[in-house]
Each structure stands twice: as structure tokens, then as C-alpha cells.
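A.B. asks: Encoded as C-alpha cells, here's the structure I'll be asking about.
The values are calculated or read from the model by the stated rules, or taken from the named source; none is laboratory data. From a predicted model like this one, the values you see are computed outputs, not experimental measurements. Glycine also receives a Cβ, built like all others from the backbone with ideal geometry; neighbour counts cover every protein chain displayed. Note: accessible area is taken over every heavy atom of the protein model, side chains too, but ligands, DNA and RNA are not part of it. Shrake-Rupley method; radii C 1.70, N 1.55, O 1.52, S 1.80 Å.
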Amino acid sequence: MPSLYGMEIEKLKGVGEKRGRLYRKLGAPTAGDLLRMYPRAYEDWGSPQPIGETLLNETGVVRGTVLRKPRETRIRGGMTLYKTLVTDGAEDLQLTFFNNRYIPMLLREGETYLFRGRVTGSLLRREMSSPEFIAEGKAKAIVPVYPATQGLTSRMICSAMEQALRLLPEQVQDPLPESLREELGLAGLGEALQGIHFPQSKEELALAKRRLVFEEFLVLQLGLLHMKSGRSAENLHPVPEGFPEAFAQLLPFALTGAQRRAITQAIGDMAGPAPMNRLIQGDVGSGKTAVAAALCWAAAQQGYQAALMAPTEILAQQHFASLSALLGPGGVRCALFTGSMPLAQRREQQARLAAGEIQLAIGTHALLSEKVAFRDLGLVITDEQHRFGVNQRSALAGKGAAPHLLVMSATPIPRTLALLMYGDLDISILDELPPGRQAVSTYLIDPPKRQRAFSYIQKHLEAGRQAYLVCPLITEEDGLSLMSLEKYRDIVSRAFPGAPVGVLHGKMKNSEKEQVMEAFVKGDIRLLLATTVVEVGVDVPNAAIMLIENAERYGLSQLHQLRGRVGRGKHKSACILVTDAQNEDTLSRLRLFRDTRDGFKIADADLKLRGPGDFFGARQHGLPQLKIADMANDMETLLQAQRCAQEIFPRLSEPEYRPLRGEIRRLFQDGNQVVL
Ligand code: ADP
Ligand code: MG
């Protein structure tokens with residue numbers, strides 16, 4: 001769609017400067033990008049229910065004939081109500097609209113419409129207030145719902161989308177060549193875009209999804225293969241073959257079998273003919289840092305420098321503290337690089353790093369700064385890598401000549417998916433926890449038992465411990481019966497009078513977040529109210545309780561990450577899931593979590609239950625921004641795309657694949673390391 005990607009969003013009717021800005025914020029600066037903004041859900045208008053069968057307090061769609069002209073009533077506060085009655089022949093439904101003076105013109109007596117809204121009132125007298133409606137006959141069976149924002153409704157997006165679709169040239173350049181589409185039975189691009197936005201049937205929607213998921217995944221896989229193939233073939237930083245026993249002597253504990261295996265594999269890479277590109281996946285607490293330390297040590301023995309990048313200042317500090325204590329006595333000079341460091345110190349360290357006097361640089365994004373230069377960077381490690389993009393990884397690597405690369409991820413991902421998501425890396429797995437770990441007792445309760453959970457927490461607080469309390473929302477949201485931090489703050493201050501409470505969420509500035517986290521690490525904050533931002537590898541051994549509200553909202557892997565924040569010290573720890581879910585599937589999913597400790601088993605269950613989309617959706621990866629997340633629930637399509645990528649890759653330069661190359665470039669464009 002080269003032409004539509006060149007067409008600014010403001011060119012569409014009804015999109016001016018102001019809305020244009022909103023579209024840009026949503027990630028659609030051009031008509032082409034707009035078309036790639038897929039619906040987040042679909043409303044089903046295709047099967048209206050008899051009025052008498054609609055469920056109270058649930059959303060329903062009914063067909064109704066207007067019995068009388070909507071009547072206007074003025075009420076307090078300058079509000080105007082419009083009321084009318086509709087019937088489906090058997091039952092009546094009372095409708096109320098607020099402050100919409102067009103209603104009497106839009107709803108005509110004797111005409112039939114479809115109405116969609118929440119059913120209220122009583123079984124004898126059902127009502128809807130401000131339902132959406134459309135004349136019968138004009139209604140589409142399936143209506144797309146877009147991620148709206150303030151000032152830009154799903155309906156407005158719909159209308160822009162219709163225009164953009166009409167602009168799609170008849171012969172749109174399809175990134176998938178016809179031969180391939182025919183072979184695999186995939187829809188053409190134009191058809192798929194039409195089908196994803198305005199499907200006529202569920203079948204059409206399924207065909208469109210399959211095609212778009214396949215395409216995006218193919219593009220991603222080809223991009224990863226390209227990165228892999230573009231790497232230096234020569235290992236400029238070889239280390240001696242074999243397990244580094246001298247390093248193991250430095251440790252205060254014996255390595256687990258899994259750690260020894262991962263170290264051996266990684267050293268094998270570093271001793272091999274090409275630079276290492278390896279991912280270590282390890283459950284929380286499996287001891288990834290010791291593996292990283294072994295490799296830094298091995299690099300330092302050969303006179304190479306190493307860099308370790310963590311996503312937050314706190315994590316960087318934690319790594320610095322443990323690695324310098326461990327490696328310092330072994331003669332490895334370490335230094336910490338963060339944004340908050342005083343300038344003079346930073347300059348001094350930069351000079352020592354450039355001169356090769358520092359062998360291990362540990363830090364945050366500050367390491368990416370142009371001023372940070374190495375004498376001979378031989379090893380790059382990124383921790384909790386789902387917070388870093390592929391591009392940041394390679395930006396750090398760019399500070400050396402083909403350094404070895406190690407990515408550490410704390411998110412257990414089923415092997416099949418890991419191969420898809422990290423197609424450019426080899427994988428080691430730490431599937432064993434160090435001995436003597438406290439099991440975290442996990443409980444599943446409903447909200448009426450919350451008070452009892454609070455007394456349990458109170459006892460732990462009195463014993464000197466700390467707790468995390470996690471809510472899904474920051475502030476109340478209409479129509480969602482989910483717990484918000486705002487509301488919880490009140491609940492908590494009543495339940496724990498006088499306890500120092502801190503709040504942490506993603507909308508806070510980084511510096512504020514770090515301050516709160518630091519106070520929690522120090523113990524000045526005893527109860528930390530947070531959204532899932534606490535998920536990322538913080539280590540506060542004194543925190544013994546993790547309570548999660550609306551636990552049904554999270555994927556099991558995400559719950560596992562949260563649970564991993566406790567049970568890190570010598571204290572007995574607990575994870576309490578609060579849910580008011582009644583749905584049997586949801587409950588059995590949560591029970592499975594309660595009864596399982598192994599992160600990989602949990603991830604496997606998540607994959608089976610919720611499909612791969614969840615793993616891509618959680619943004620726990622460094623991949624370019626994907627649109628498939630909400631759609632990908634079909635593993636088979638992903639595997640098919642992977643096989644296809646392997647097959648096509650050697651022929652990618654042929655003319656037939658020109659549009660496909662364009663898409664790959666677009667997906668990876670920010671990183672500009674993919675040059676096709
Ligand atoms: P993660 O894999 O979550 O990053 P860490 O590397 O932070 O885990 O290790 C968690 C804790 O376990 C640390 O305190 C570390 O010192 C300790 N540890 C690591 N390996 C072992 C081991 N083999 N035996 C005992 N303790 C270990
Ligand atoms: Mg860690």
C-alpha cells in the first residue's frame with residue numbers, strides 16, 4: 001500500500017487537525033496505518049433477542065418498533081430527557097435518552113430499529129437508557145469496535161476506516177505473492193482488510209484474521225532471519241573452551257545443574273567460530289545473574305569488557321551490588337552507569353571505561369549514551385529483556401566489534417513460542433531453582449473474604465514484613481467493575497491505619513517511580529499499592545505478601561511474575577488472589593495457577609487456554625510493535641508462517657517479493673538495522 005502509507009490521515013473527510021493528532025497518537029499517521037489498526041472487538045448486531053428474553057444488567061440487542069413519538073421532559077440541572085416505548089410484538093421496552101434533541105427526528109413512530117444497550121428495570125418492565133440504535137435493514141450484523149480515545153469515538157474511526165477502504169486501489173500491492181496465497185489458501189490483502197474491519201460473517205472474519213496474522217508473522221520472522229544472517233560471521237572475542245571452574249570458586253553457593261548447563265552452553269558459543277547470540281530463559285529466582293557473572297568473568301579473563309543493561313535504575317543498582325561483591329574479589333573492576341549519577345563521576349567513569357580500566361559496566365539506558373565508549377566491548381548482556389527493544393539491544397552491541405550477546409528473560413515462554421519470538425537467538429533454559437527455596441503459599445478468595453486476608457497481612461506487617469497490593473486500574477473507569485488504586489487507597493488506609501503506604505503505577509514519571517521503589521526497598525513504605533509495573537524483577541526479600549485484586553484479569557504467566565516478587569528471602573510468603581469471577585473456566589484456570597509452581601508449566605497452560613496472542617500482547621518481548629496480538633489465537637498459523645519464512649528467506653531478493661521486503665522494512669523501521 002505504498003500510496004496509502006504516503007497519504008496523511010488528515011486527507012480523510014472528517015479528520016481535521018485536532019482529530020488528526022488523536023489518530024497519530026493511536027499510531028495511525030496515514031491512511032495505510034489506519035487500515036492496519038484492527039478492531040479490538042466486534043459487536044454482534046446480527047441476532048436480536050426477543051425483548052422478553054434479554055437478561056437484566058447485561059448488554060442486549062433487540063428489534064423494536066417505535067410505539068409513539070419520543071416525548072421531551074425537562075428535569076433538574078438543565079437536563080432534557082426523551083422517553084419512548086418500543087415493542088417487538090410480544091413485549092415492550094422503555095427507552096430513555098439524555099440531552100439529545102435529535103432523538104424525536106431519528107426515531108420515527110411506526111418504524112423499526114435495532115437497539116443495543118444495557119438492559120435495566122425489572123423483569124416486568126425492561127428499560128434501556130441511551131442505547132445505540134440503527135434502522136432495521138441498515139444494520140450490519142457485525143460492527144467493529146476500535147480502541148477509542150477521548151475525542152475520537154469508535155464510530156468516528158469506523159467512518160474514517162470506510163473511506164480508507166474505499167481508497168484501497170483495486171489492485172493493491174499485496175506483500176504476499178499470489179502463488180503463495182494460493183498454495184496456503186490465504187485471502188488477498190484487500191479482501192482481508194475489508195473482512196477484518198467490516199466482516200459480513202464470522203467465516204469471513206476468520207479468513208481475514210488468518211491471512212493478517214500469517215502476514216505479520218511472516219514479516220517478523222523474515223526480519224529476524226535477516227538480522228541473524230547479517231551478523232558477523234567471525235568471533236573476535238574467543239574465550240577458552242570448557243566450564244570456568246575458577247569462577248565457580250568465587251561463589252558462596254554451588255551452582256545448580258541448570259546453571260552449569262547454561263554456562264557451559266554459553267561458554268561453548270563464546271569459544272566457537274561465531275559470536276554468541278543466546279537467550280537464557282529462567283524462572284524468577286532461578287539464578288540468571290550467576291550465569292551472567294560467569295560470562296563476564298570469562299570475558300574479563302581475556303581482557304574483554306562486558307556491559308550489562310537493566311531496565312530500571314533499581315535493578316541496575318541491585319546487579320551492581322551483587323556482581324561487584326562477587327567479581328570484585330576475582331579481580332574484575334565494575335562500575336555503575338545511571339542517569340542520576342553526578343556528572344563529574346560519570347565523566348570520570350566514562351574515561352576509565354574508554355581506557356579499559358573498567359571491565360564490567362552495569363547500568364540502565366544510560367549505557368546507550370554516545371558518551372559511553374568502550375576500549376574493547378566483548379560481551380553485551382541485557383536483563384529482563386522484554387523491556388528492551390531489539391533496537392536497543394543492537395545499539396549497545398554497536399559499541400563493540402561484534403560482541404557476544406546474551407539476553408536474559410524472566411518470562412517463561414513455551415519452547416515453541418520462544419523459537420518464534422526469538423528466532424534470531426539460541427536458547428538456554430534454567431528449569432531448576434536453587435535448593436531450599438520457600439514455596440509461596442497461594443490462596444484464591446472472593447471479595448467477602450478480603451477482610452480476613454487483611455488481618456493476615458496485618459500479622460505479617462506486625463512481624464516486620466512488607467506487602468504488595470496489586471490492582472488492575474489506576475482510577476475508576478465507567479462500566480468496569482474493576483478495583484482501582486484510587487479506591488483501594490481508601491480501603492487500605494481504613495484497614496491498616498497508620499501503615500506507611502506507597503503507590504506505584506505506569507503513568508508516574510520514572511523519577512517518581514524510582515523514589516517510591518527505593519522507599520519500599522528501604523522499608524520506609526510497608527504497603528505498596530501498585531499496578532502490574534511491579535512485575536519487573538525487583539528484589540525485596542522482606543516483602544512476603546502479594547495480594548492481587550481482580551486476579552481473573554491476568555494471564556497466568558503474568559500472575560506468575562507477580563508471585564515471583566515474594567518468597568525471595570527467608571520469610572514464609574504468600575500470594576493471595578482475589579476474584580469475584582463465577583465463570584467455571586476462569587476459576588479452574590486460577591486453581592491451576594494456585595496449585596502449580598513451575599513457570600514453564602504455567603506458561604504452557606496459558607498457551608493452551610488463551611492462545612499465543614497473550615504472550616505477544618503482554619509486550620514482554622523486545623519485538624517491534626505487533627498488531628496481531630489481539631488476534632493471534634491460532635498457533636498453527638504462526639508455525640506455518642515460520643516454516644514459510646525459512647523457505648522464502650533465501651529467495652527474498654527476487655522481484656516477486658519486493659512488496660514483502662517493503663513490509664519488513666516498515667516493521668523494523670525504527671531500528672534501521674534491517675537493510676534489504
Ligand atoms: P533471577 O533468575 O530471578 O534473576 P537471581 O539471579 O536474582 O535470580 O537469583 C536469585 C537469588 O538466588 C539470589 O539471591 C542469588 O544469590 C541466589 N542464587 C542463585 N543461584 C543460586 C544457587 N545455585 N544456590 C543458592 N542460591 C543461589
Ligand atoms: Mg534477575
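A.B. asks: Quickly run through the range 222-241 and pick out the residues that are open to solvent by 10 Å² or more (accessible area, probe 1.4 Å) and assigned to a helix (DSSP H, G or I).
C.D. replies: 225, 226, 227, 228, 229
A.B. asks: I would also like to ask the following. Between a first residue in the range 227-256 that is over 16 Å from residue 287 (Cα atoms) and away from ligand 2 (no atom under 16 Å from the Cβ) and a second residue that is of a type in the set (Val, Ile, Thr) and open to solvent by 60 Å² or more (accessible area, probe 1.4 Å), which pairs have beta carbons less than 9 Å apart while being 6 or more apart in sequence or on different chains?
C.D. replies: As it stands, the answer is 230/675; 242/264; 243/264, since those pairs meet every condition given.
A.B. asks: Kindly indicate which of 375, 437 is within 16 Å of ligand 1 (Cβ to nearest atom) and not in a helix (DSSP H, G or I).
C.D. replies: Answer to the selection: 437.
A.B. asks: Tally time: how many residues in the range 128-150 are modelled with pLDDT of 85 or more, over 28 Å from residue 206 (Cβ atoms) and open to solvent by 50 Å² or more (accessible area, probe 1.4 Å)?
C.D. replies: Matching residues across the range 128-150 total 2.
A.B. asks: Also, I was wondering about something else. Do we find a residue being open to solvent by 10 Å² or more (accessible area, probe 1.4 Å), within 16 Å of ligand 2 (Cβ to nearest atom) and either β-branched (Val, Ile, Thr) or closer than 26 Å to residue 412 by Cβ (or both) anywhere in the range 262-273?
C.D. replies: Looking for residues that are open to solvent by 10 Å² or more (accessible area, probe 1.4 Å), within 16 Å of ligand 2 (Cβ to nearest atom) and either β-branched (Val, Ile, Thr) or closer than 26 Å to residue 412 by Cβ (or both), one finds none in the range 262-273, hence no.
A.B. asks: Mind checking whether some residue in the range 387-409 is of a type in the set (Phe, Trp, Tyr), open to solvent by 40 Å² or more (accessible area, probe 1.4 Å) and within 16 Å of ligand 2 (Cβ to nearest atom)?
C.D. replies: no
A.B. asks: Please state which of the following conditions residue 381 fails to meet, knowing it meets all the rest: (1) within 13 Å of ligand 2 (Cβ to nearest atom); (2) of a type in the set (A, V, I, L, M, F, W, C); (3) at pLDDT below 95; (4) touching a strand residue (DSSP E or B) at 6+ places or on another chain (Cβ under 9 Å).
C.D. replies: (3)
A.B. asks: Determine, yes or no, whether residue 284 is open to solvent by 10 Å² or more (accessible area, probe 1.4 Å), in the same structural domain as residue 383 (by TED's automatic domain parsing) and within 16 Å of ligand 2 (Cβ to nearest atom).
C.D. replies: Yes: the conditions hold for residue 284.
A.B. asks: Please pick out the residue among 303, 285 that is away from ligand 1 (no atom under 15 Å from the Cβ) and either touching a Cys at 6+ places or on another chain (Cβ under 6 Å) or not in a strand (DSSP E or B) (or both).
C.D. replies: 303
A.B. asks: Take the residues in the range 440-478 that are part of a loop (DSSP other than H, G, I, E, B) and of a type in the set (Asp, Glu), then tell me which one is farthest from the chain's Cα centre (by Cα).
C.D. replies: Per the stated criteria, the residue is 446.
A.B. asks: Find the helices (runs of 4 or more DSSP H) located wholly in the range 542-645 whose residues include 2 or more that are open to solvent by less than 10 Å² (accessible area, probe 1.4 Å) and either within 16 Å of ligand 2 (Cβ to nearest atom) or closer than 27 Å to residue 186 by Cα (or both), and list them.
C.D. replies: Of the helices (runs of 4 or more DSSP H) lying wholly inside the range 542-645, those with at least 2 residues that are open to solvent by less than 10 Å² (accessible area, probe 1.4 Å) and either within 16 Å of ligand 2 (Cβ to nearest atom) or closer than 27 Å to residue 186 by Cα (or both) span 556-563, 613-617.
A.B. asks: Here is a check on your reading of the model: is residue 257 in the same structural domain as residue 408 (by TED's automatic domain parsing) and within 14 Å of ligand 1 (Cβ to nearest atom)?
C.D. replies: Yes.
A.B. asks: Being open to solvent by 80 Å² or more (accessible area, probe 1.4 Å) and touching a strand residue (DSSP E or B) at 6+ places or on another chain (Cβ under 8 Å) is the filter here, so list the residues in the range 432-448 that pass it.
C.D. replies: If the condition is that a residue be open to solvent by 80 Å² or more (accessible area, probe 1.4 Å) and touching a strand residue (DSSP E or B) at 6+ places or on another chain (Cβ under 8 Å), then 443 is the only one that fits.
A.B. asks: Which pairs do you get when a residue that is without any contact (Cβ under 8 Å) to a residue 60 or more places away in the chain, found in the range 491-516, comes within reach of a residue that is assigned to a loop (DSSP other than H, G, I, E, B) and open to solvent by 40 Å² or more (accessible area, probe 1.4 Å), reach meaning Cβ atoms under 7 angstrom, with the pair 6+ apart or on two chains?
C.D. replies: Short answer, once both residue conditions are applied: 499/526; 500/524; 500/526; 505/474; 507/474.
A.B. asks: Moving on. For residue 325, are the conditions met, namely being crowded, with 24+ Cβ neighbours inside 10 Å, within 13 Å of ligand 1 (Cβ to nearest atom) and in the same structural domain as residue 357 (by TED's automatic domain parsing)?
C.D. replies: For residue 325, the condition - crowded, with 24+ Cβ neighbours inside 10 Å, within 13 Å of ligand 1 (Cβ to nearest atom) and in the same structural domain as residue 357 (by TED's automatic domain parsing) - is not met.
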